[in-house]
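Asker: Below is the structure I would like to discuss, written out as structure tokens.
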Amino acid sequence: MDRIATVMASGASDWQDIISDDLKRVSEIMREATRDSNPEVQEVLDYALDSPGKLIRPSIVILVCRAIGEKSNENALKYAAASELVHMATLIHDDINDESESRRGKQATYRKYGVRKALTTGDTMFVKAMTLFDSNPSLLRSIIDMGSSLADSEFLQYNHKYDLDITEEEYYQVISGKTASLISECAKTGAIAADAPKEVIDEMGRFGQLYGMAFQIADDLIDLTGSESISGKTSMRDLGEGVITLPTIIAMRDKKVGGKISRLFKSGAPLEEIRALIMETDAIAECKTIISDYVDEAIEALNILSPSEYRESLAKMTRLNLTRLS
């Protein structure tokens, strides 16, 4: 079954139903854009492409474009396909950096094919994504700038590995560049594809940034509290790799167990023991409150758009950050 069809058939993304045909075309464009004359390269590309994700980024491009009142033209669908290819390239590289075992419910690409082939595949995917922006040099420039922001954030996160003194502000800086900046670009891209005025493009960029912050904090909660069988990701990967995320930052402020969490982490205690202490604090509840605030602000930003089923779908997908498990 086609990867897009697999996602749509799951029934878990009812907010995507109204753009299902567009998403199928996005899948076709991704396949067309990643054709390679080398069968070995093609095999690894296909392996990565055959891992269904939530299709958040292409969906945002399409839904924003349609909410502004434009039918998704071929350029909009190309931009949507490019956004997913960029995202998938970063995931391949992330898994290598984080030494992850699995991604989207199956073996990580580098685990199956080796680091060198996976790196090359991620690079190839990124370059092929760039070709889909050939009709709009300003969008291409924007995506390149986003790539620089991603690199800055990756270095910042790497420099703070195992750093229990990382601040909330530094954490927000990391997730802003790693996650929210691409989603912001996706929302802006949908508005640009619809020939929206500057104030709408800017507000959609703000929506995407707020959505991305909520999404990543929710992801960090799932890493700590979720089930690997549901999320498709290695459980407690962040803690195990020394990546200190918001729940842990907040938990270490707890007067009763914060110091103990720090000592256990430094001593290399079992992750389950550390997680149990984090769960004793108010960290999870505080993170959910922060996610809720970002969700409310993101939905407020959508008010610049006229009411429509597409705007409501954007709001629905935003609210899912309050309850999602994967």
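The values are calculated or read from the model by the stated rules, or taken from the named source; none is laboratory data. Since the structure is predicted, the reported quantities are computational estimates derived from the model, not experimental observations. Methodologically, a virtual Cβ is constructed for each residue, glycine included, from the backbone with ideal geometry; neighbour enumeration extends over all protein chains shown. Surface areas here come from the heavy atoms of the whole protein model, side chains and all, with no ligands, DNA or RNA. Shrake-Rupley method; radii C 1.70, N 1.55, O 1.52, S 1.80 Å.
Asker: Ranking request for peptides 162-170, 211-219: highest mean number of other beta-carbon atoms within 10 Å first, then the rest in descending order.
Answerer: 211-219, 162-170
Asker: Something else now. Below 24 Å Cα-Cα, how many Lys pairs turn up in the stretch 201-294? Only count pairs eight or more apart in sequence, or on different chains, if you could.
Answerer: 6
Asker: In the stretch 121-146, which residues have a backbone nitrogen under 16 Å from the label point lying 7 Å from Glu40's Cα in the Cα-to-Cβ direction?
Answerer: It comes to 121-122, 124, nothing else.
Asker: For an R0 of 30 angstrom, estimate the FRET efficiency from the Cβ-Cβ distance between Gln107 and Ser135 and round to the nearest 0.05.
Answerer: 0.25
Asker: If each DSSP helix of 4+ residues adds -39,500 (n - 2.57) and the sum is divided by the residues in the chain, what number results at 222 nm, nearest 500 deg cm²/dmol?
Answerer: Estimated from H runs of four or more residues: -22000 deg cm²/dmol.
Asker: Let me know the charge dipole size of the chain about its Cα centre in debye, to the nearest 20, where only the beta-carbon of Lys, Arg (+1) and Asp, Glu (-1) is charged.
Answerer: Charge dipole of the chain: 460 debye, to the nearest 20.
Asker: Which FRET efficiency value, to the nearest 0.05, is calculated for Asp17 and Tyr162 with the Förster distance at 41 angstrom and r the Cβ-Cβ distance?
Answerer: Here the calculated transfer efficiency is 0.40.
Asker: Of the peptides 313-325, 31-43, how do they stack up when ordered by the mean number of other Cβ atoms within 10 Å, highest first?
Answerer: In descending order of packing, they fall as 313-325, 31-43.
Asker: So what's the angle, to the nearest 10 degrees on a 0 to 90 scale, between helix 271-280 and the longest Cα principal axis of the chain?
Answerer: 90 degrees
Asker: Considering only Cα-Cα distances, which of the following residue pairs are longer than 18 Å: Lys54/Lys161; Lys117/Lys178; Lys78/Lys112; Lys54/Lys106; Lys54/Lys198?
Answerer: Distance filter (> 18 Å) returns Lys54/Lys161; Lys117/Lys178; Lys78/Lys112; Lys54/Lys198.
Asker: Can you compute 3J(HN,Hα) from phi for each residue in the stretch 88-105, using the Karplus curve 6.51 cos²θ - 1.76 cosθ + 1.60 with θ = phi - 60°, rounded to whole Hz and x for Gly and Pro?
Answerer: 5, 4, 5, 5, 4, 5, 4, 4, 5, 4, 8, 6, 6, 7, 9, 8, 6, x
Asker: May I ask you to give the percent of accessible area on the chain that is carbon plus sulfur, with a probe radius of 1.4 Å?
Answerer: Roughly 50 percent, rounded to a whole number.
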